[in-house]
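Reading through the structure tokens given below for one structure.
The values are calculated or read from the model by the stated rules, or taken from the named source; none is laboratory data. For clarity, every value in this text was computed on a predicted model and none was experimentally measured. Note: ideal-geometry Cβ built from the backbone for every residue, glycine included; neighbour counts use all protein chains shown. Please note that ligands, DNA and RNA were not included when accessible areas were found on the heavy atoms of the full protein model with its side chains. Shrake-Rupley method; radii C 1.70, N 1.55, O 1.52, S 1.80 Å.
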Amino acid sequence: MRRIHDRGVEIRKGNPELSPQSMTMHLDYAELKVYMTRDALRSLAERLLAISEASPEDCYEVHVRSAFSDFDTEENYVCPPLKSSGGVKELLDSLHREALRQAIESGEEPPYAHPSPFELTFMHVSPEAVREAATWPDA
């Protein structure tokens, strides 16, 4: 079983409860819906509980799509599907590709960097960090 660490929370790969087939995300202009099996929901709840018990200064986080990703028999990375309506996924993908292209050109990222999939991340932070994040300008 492959093991990957997600900012202090161990992820065990090869577990069917955490497989890409145990969740799907659907994104449109109004909302993000996450469809999960009972076992997947329980696993996510355990991860969220684990990071909630840490100090908020540790800033532990759970990257949901990564946590439910795995490698196929040919070692290809497979993550849960992200579906969309109204062209939202294509818009996000094109924005991400452009940001990555600029980062590669500026030297912030290596030339072999690949776009990562859209991610849903939960972070445990202090109340002050929440208030600060709420003041960030829309870019």
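Inspection of segment 98-112 finds no residue satisfying the criterion of being closer than 26 Å to V130 by Cβ and either in contact (Cβ under 8 Å) with a residue 12 or more places away in the chain or part of a loop (DSSP other than H, G, I, E, B) (or both).
Going through segment 38-59 one residue at a time, which ones are open to solvent by 60 Å² or more (accessible area, probe 1.4 Å) and farther than 12 Å from F122 by Cα? R38, D39, L41, R42, E46, E53, E57, D58 - these are the residues of segment 38-59 that are open to solvent by 60 Å² or more (accessible area, probe 1.4 Å) and farther than 12 Å from F122 by Cα. The residues of segment 76-135 that are open to solvent by less than 50 Å² (accessible area, probe 1.4 Å), farther than 26 Å from Y60 by Cα and touching a strand residue (DSSP E or B) at 6+ places or on another chain (Cβ under 7 Å), listed by number, are S84, V88. Against the list (1) among the hydrophobic types (A, V, I, L, M, F, W, C); (2) in a loop (DSSP other than H, G, I, E, B); (3) within 19 Å of T121 (Cβ to Cβ), the condition V62 fails is (2).
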